[in-house]
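Please find one structure pasted underneath; my questions will follow.
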Amino acid sequence: MNISELLTVDTIKLNFSAKDKEEVIEQMLDILVKAKKISKTHKPKIQKALIARENLGSTGIGQGVGIPHAKDDCIKKITACCAIAKKGIDFDALDGEPAQIFFMLLAPKEATGEHLKTLAKISRLVRARFFRSSLIQCKTPDNLLSILKREEGELG
């Protein structure tokens with residue numbers, strides 16, 4: 001499954017701002033609640049799962065990218081959102097640099113294989129400096145989606 005198939009214009013937030021990792025997680029969950037991708041009643045449980053995952057090791061993979069992710073039984077299908085923070089936010093990244101690009105990925109507990117494949121796709125996409133730079137400079141969610149689709153097409 002391509003990342004562009006998981007995202008919609010209402011699950012992409014440009015000009016994202018948060019003061020720290022916890023706020024990034026909370027605000028990204030709010031994006032998914034507002035887009036009706038997750039239930040507001042499930043938000044606290046999912047937030048707890050995301051924070052538990054972060055406690056195992058930061059999902060700030062470096063090069064300005066954070067990929068908070070979790071699996072939970074209240075999640076019915078793989079769900080994602082994307083946020084771009086032009087200023088950068090401390091996300092305890094492996095390289096110590098602030099993150100500007102965030103992809104949140106949520107999956108059902110039983111979707112381990114698909115969850116890992118999707119995480120790997122995101123990781124491959126964000127390796128390219130030009131791609132990361134293009135995402136940060138996006139002016140609209142549609143613009144971000146078209147860049148993502150083009151890059152996924154080139155990766156195959």
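Quick note: the coordinates plus some simple rules give every number you see, no bench work behind them. Remember, it's a predicted structure, so these values are computed and weren't measured experimentally. Cβ placement follows ideal geometry from the backbone for every residue including glycine, while neighbour counts extend to all protein chains displayed.
In sequence order, what are the phi-derived ³J(HN,Hα) couplings for region 100-105 according to the Karplus relation 6.51 cos²θ - 1.76 cosθ + 1.60 with θ = phi - 60°, rounded to whole Hz, with x for glycine and proline?
Rounded to whole hertz, the list is 10, 10, 10, 10, 9, 10.
On to the next question. Under a crude label model (7 Å from the Cα following the beta-carbon direction), how far is residue 52 from residue 35 in nanometres?
2.4 nm
Return the distance in nm (one decimal) between the two label points of a simple spin-label model at residue 143 and residue 77, each offset 7 Å from Cα along Cα→Cβ.
Rounded to a tenth, the inter-label distance reads 3.0 nm.
State the antiparallel share, in %, of DSSP beta bridges confined to the chain, rounding to the nearest 5.
Roughly 55 percent of the DSSP beta bridges within the chain come out antiparallel.
Given 37/86; 43/149; 76/117, which pairs have Cα atoms separated by over 19 Å?
Among 37/86; 43/149; 76/117, the Cα-Cα distance tops 19 Å for 37/86; 43/149.
A follow-up question, please. Please give me the summed charge of the neighbours of residue 110: other residues whose Cβ is under 15 Å from its Cβ, Lys and Arg +1, Asp and Glu -1.
+2
Test of understanding: what is the full-extension gain from residue 8 to residue 114, defined as 0.36 nm times their sequence separation minus their Cα-Cα distance?
Taking residue 8 through residue 114 to full extension adds about 36.2 nm, to one decimal.
Measuring from label point to label point, each 7 Å out along Cα→Cβ, what is the residue 20 to residue 86 span in nm?
For residue 20 paired with residue 86, the spin-label model returns 2.6 nm.
Give me the net charge of residue 81's neighbourhood, meaning all other residues with Cβ under 11 Å from the Cβ of residue 81; Lys, Arg count +1, Asp, Glu -1.
Spelling it out: positives minus negatives among the neighbours equals +1.
Report, by chain and number, residues whose modeled amide H sits under 5 Å from the one on residue 69, excluding near sequence neighbours (fewer than 5 apart, same chain).
Amide H neighbours of residue 69, under 5 Å, 5+ apart: 105.
Which one, 9, 101, 83, projects farthest toward the positive side of the charge dipole computed for the chain from Cβ point charges (K/R +1, D/E -1)?
9
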